Amino acid sequence: MSEIAFFGAVEIGLVYALVALGVYLSFRVLDFPDLTVDGSFPLGAAVCATLLVAGVNPWLASLAAALAGAVAGLVTATLNVRFKILHLLASILTMIALFSVNLRVMGRPNVALLMQDTVLTPFYGLGLPDHVVRPLVVAVVVVAVVILLARFLSSEFGLAMRATGVNARMARAQGVETDFHIYTGMALSNGLCALAGALFAQTNGFADVTTGIGTIVVGLAAVIVGETVLPARAMLWALVGCVVGSILYRLAVQLALSADAIGLQASDLNLVTAVLVAVALILPRLRLKAALKREQPKGVVGR
Amino acid sequence: MITVNGIHVTFGRGTPLEKHALRGVDLTIPEGQFVTVIGSNGAGKSTFLGALAGDVIAESGSIAIDGTDVTKWATPKRASLVARVFQDPMVGSCTALTIEENMALAAARGRKRGLGFALSGDRRRHFRDRIAELGLGLESRLHDRMGLLSGGQRQAVSLLMATLAGSKILLLDEHTAALDPGTAEFVLGLTRRIVQENRLTTLMVTHSMRQALDYGDRTVMLHEGKIVLDVSGEQRAGLDVPHLLALFARQRGGEEIADDSLLIG
């Protein structure tokens with residue numbers, strides 16, 4: 001793997017780390033399997049790119065992208081909480097709708113960012129090569145998000161949100177407005193995914209409606225890889241695990257693609273990801289089964 | 001004080017499974033009274049408790065707690081006035097969170113939850129002191145997940161959690177039913193102590209007539225969604241399980257008691 005390919009993988013891993021953090025919030029904290037991210041990621045890219053072309057300040061454009069994602073999350077949450085549509089289906093409805101919305105936002109299937117200033121522009125002239133600057137800037141954003149998110153989840157409000165995901169009935173009995181916490185968590189989760197989309201557009205120089213396909217699987221892969229390599233219980237470390245998982249996942253993919261012997265092409269990426277996630281989900285179950293089998297003679301599972 | 005006026009609850013209205021679970025329940029519980037609630041399966045005990053807690057909203061009638069009409073309040077809002085312990089220890093606590101996180105969750109009941117740390121040094125010390133009172137040695141295990149505790153330990157911690165936010169009403173829904181007899185005895189003793197120390201107005205649903213008579217100041221029996229028996233004071237003190245059964249049979253117009261669960265002592 002070349003140096004540029006390495007930094008490229010780290011960069012894209014860091015961008016998708018924000019997706020992983022969002023997916024961690026929905027899947028793990030709220031226990032809400034949310035596929036909206038496949039729409040909110042390109043939504044963030046679309047909103048950001050369109051605003052940049054219109055000459056808006058890049059930081060403001062990124063913020064607007066995050067807010068747009070948050071609204072998408074609220075739509076899914078409303079369909080589920082208010083109208084009792086199954087969470088998976090609710091999120092698929094929003095995701096499908098967002099495809100049209102993203103085309104409307106951009107007015108065409110893709111927008112190129114060639115001459116526009118991005119959040120990266122001020123850092124390009126500081127002596128570091130461009131392929132190093134990009135991951136560095138994204139890393140700063142990711143670190144800030146991890147710290148803020150860890151702080152948020154250890155607050156009273158954040159604890160109530162975690163309880164909502166673990167045991168909603170108990171949470172309500174303890175006075176937690178669980179509906180409100182689902183709204184907030186879903187907005188936050190999709191806001192992060194849209195922010196990732198905005199950074200993706202700025203680091204890659206384009207926004208395209210099709211970039212969202214499979215975002216959820218990549219995010220989930222990062223979360224699972226993170227949990228495997230960093231099985232932490234403390235909130236901060238669980239979040240760091242998402243970031244590490246995302247980078248490792250991208251490096252592994254890059255390695256697989258650059259090893260000619262395996263014969264993989266870039267277009268095989270989705271297949272490889274799906275297989276990886278499936279294996280990661282199956283393995284713990286098999287391990288549990290094996291462990292139970294070993295325990296049985298001792299009469300622990302005497303049935 | 002709890003004032004319940006003619007509440008009705010129907011599940012699955014208009015479906016073949018329609019069940020008129022509560023058919024006009026009236027009950028006034030003065031402050032500090034400990035009421036035990038008995039009745040056969042399907043008598044409406046749990047529904048009644050759910051109606052008080054807000055899980056079930058009564059379709060007619062009214063419920064007032066300390067003079068405030070809470071009839072239409074949902075569970076989270078009522079939680080500011082009411083603490084609960086559930087039958088299943090898994091339901092009553094967050095097994096994936098630590099003991100101290102569970103306690104922090106309960107301590108904020110009825111309060112606005114802000115962005116301040118859920119667990120500060122002060123709060124941890126407070127929780128440690130409180131959990132030490134249980135005498136179970138749990139003060140060294142605050143960082144353990146709730147799921148690692150035994151059923152009895154979890155119910156004990158749940159009882160403690162019910163007192164952390166200072167609400168005056170405690171609802172116990174067969175909270176010892178999932179425990180072995182020895183542990184149940186311990187948890188019941190703890191219940192009595194906590195109710196007395198905090199002068200809580202308490203409603204305890206139980207499947208055991210023995211427990212119903214041994215604990216508390218007043219016993220209420222539900223049958224088919226109505227209160228059919230309400231004894232306290234000397235009348236209650238003179239009662240034994242067979243008397244209670246006879247009283248129950250008379251109330252029901254001599255109907256045979258076919259339900260074994262009523263006889264479990």
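What residue, among those in the range B:82-102 that are charged (D, E, K, R) and facing chain A (nearest Cβ under 8 Å), is surrounded by the fewest Cβ atoms within 10 Å (Cβ to Cβ)?
Filtering the range B:82-102 for residues that are charged (D, E, K, R) and facing chain A (nearest Cβ under 8 Å), the one surrounded by the fewest Cβ atoms within 10 Å (Cβ to Cβ) comes out as B:101.
Hey, residue B:203 hits all of (1) aliphatic (A, V, I, L, M); (2) at pLDDT below 95; (3) closer than 20 Å to residue B:79 by Cβ but one; which does it fall short on?
It is condition (2) that residue B:203 fails.
With respect to residue A:60, determine if the residue is crowded, with 17+ Cβ neighbours inside 10 Å and at pLDDT 95 or above.
When the stated conditions are applied, residue A:60 does not pass them.
All but one of (1) facing another protein chain (nearest Cβ under 10 Å); (2) out of contact with any Phe, Trp or Tyr (no Cβ under 7 Å at 6 or more places or on another chain); (3) under 24 Å from residue B:131 (Cα atoms) hold for residue B:32; which doesn't?
(1)
Residues A:118, A:76, A:94: which one is within 30 Å of residue A:4 (Cα to Cα) and polar (S, T, N, Q)?
Only one candidate passes the filter, namely A:118.
What pairs come up if the first residue lies in the range A:128-157 and is touching a residue at least 60 places away in the same chain (Cβ under 8 Å), the second is among the charged types (D, E, K, R) and buried (at least 16 other Cβ atoms within 10 Å of the Cβ), and their beta carbons are under 9 Å apart, counting only those six or more places apart or on different chains?
A:131/A:11; A:134/A:11; A:135/A:11; A:138/A:11; A:139/A:11; A:153/A:162
Out of A:239, A:195, I need the residue that is crowded, with 18+ Cβ neighbours inside 10 Å, touching a residue at least 40 places away in the same chain (Cβ under 8 Å), touching a Leu at 6+ places or on another chain (Cβ under 8 Å) and under 30 Å from residue B:98 (Cβ atoms). Which one?
A:239
Of all residues in the range A:125-153, which are of a type in the set (Gly, Ala, Ser) and at pLDDT below 95?
Within the range A:125-153, A:125, A:127 qualify.
Go through the range B:40-60 and give me each residue that's at negative phi and either within 14 Å of the chain's Cα centre (by Cα) or among the hydroxyl-bearing types (Ser, Thr, Tyr) (or both).
B:40, B:45, B:46, B:47, B:48, B:49, B:50, B:51, B:52, B:53, B:55, B:60
Being under 15 Å from residue A:32 (Cβ atoms), of a type in the set (A, V, I, L, M) and more than 7 Å from chain B (Cβ to nearest Cβ): is that true of residue A:196 here?
Judged against the criteria, residue A:196 is not a match.
Does the range A:259-268 include one or more residues that are closer than 23 Å to residue A:76 by Cβ and surrounded by fewer than 16 Cβ atoms within 10 Å (Cβ to Cβ)?
Among the residues of the range A:259-268, not one is closer than 23 Å to residue A:76 by Cβ and surrounded by fewer than 16 Cβ atoms within 10 Å (Cβ to Cβ), which makes the answer no.
Kindly indicate which of A:151, A:162 is buried (at least 24 other Cβ atoms within 10 Å of the Cβ), within 14 Å of another protein chain (Cβ to nearest Cβ), of a type in the set (Lys, Arg) and part of a helix (DSSP H, G or I).
Result of the check over A:151, A:162: A:162.
State whether the residues of the range A:91-102 include one that is in a loop (DSSP other than H, G, I, E, B) and either without any contact (Cβ under 8 Å) to a residue 24 or more places away in the chain or of a type in the set (Ser, Thr, Tyr) (or both).
no
Residue A:85 is checked against (1) touching a residue at least 40 places away in the same chain (Cβ under 8 Å); (2) in a loop (DSSP other than H, G, I, E, B); (3) surrounded by fewer than 24 Cβ atoms within 10 Å (Cβ to Cβ) and fails just one. What number does that condition carry?
(1)
Among the β-branched types (Val, Ile, Thr), buried (at least 21 other Cβ atoms within 10 Å of the Cβ) and in contact with a Pro (Cβ under 8 Å, 6 or more places away or on another chain): is that true of residue A:223 in this structure?
Here the answer is no, as residue A:223 does not meet what is asked.
Please go through the range B:58-72 and pick out each residue that is farther than 17 Å from residue B:22 by Cβ and either without any contact (Cβ under 8 Å) to a residue 40 or more places away in the chain or in a loop (DSSP other than H, G, I, E, B) (or both).
B:66, B:67, B:68, B:69, listed by residue number.
Of the residues A:133, A:119, A:143, which single one is surrounded by 12 or more Cβ atoms within 10 Å (Cβ to Cβ), among the aliphatic types (A, V, I, L, M) and assigned to a loop (DSSP other than H, G, I, E, B)?
A:119
Take the conditions buried (at least 20 other Cβ atoms within 10 Å of the Cβ) and outside any helix (DSSP H, G or I) and apply them to residue A:175. Does it pass?
So residue A:175 fits the description; yes.
Go through the range A:207-248 and give me each residue that's outside any helix (DSSP H, G or I) and at pLDDT 95 or above.
A:207, A:208 - these are the residues of the range A:207-248 that are outside any helix (DSSP H, G or I) and at pLDDT 95 or above.
Taking residue B:185 as the residue in question, decide whether it is modelled with pLDDT under 95, outside any loop (DSSP other than H, G, I, E, B) and surrounded by 15 or more Cβ atoms within 10 Å (Cβ to Cβ).
So residue B:185 fails the test.
Please verify whether residue A:169 is surrounded by fewer than 24 Cβ atoms within 10 Å (Cβ to Cβ), basic (Lys, Arg), at negative phi and within 14 Å of chain B (Cβ to nearest Cβ), treating the condition exactly as stated.
Answer is yes for this residue.
The values are calculated or read from the model by the stated rules, or taken from the named source; none is laboratory data. Because the structure is predicted, anything quoted here is derived from the model rather than measured. Reconstructed Cβ throughout: ideal geometry from the backbone, glycine too, with neighbour counts over all protein chains shown.
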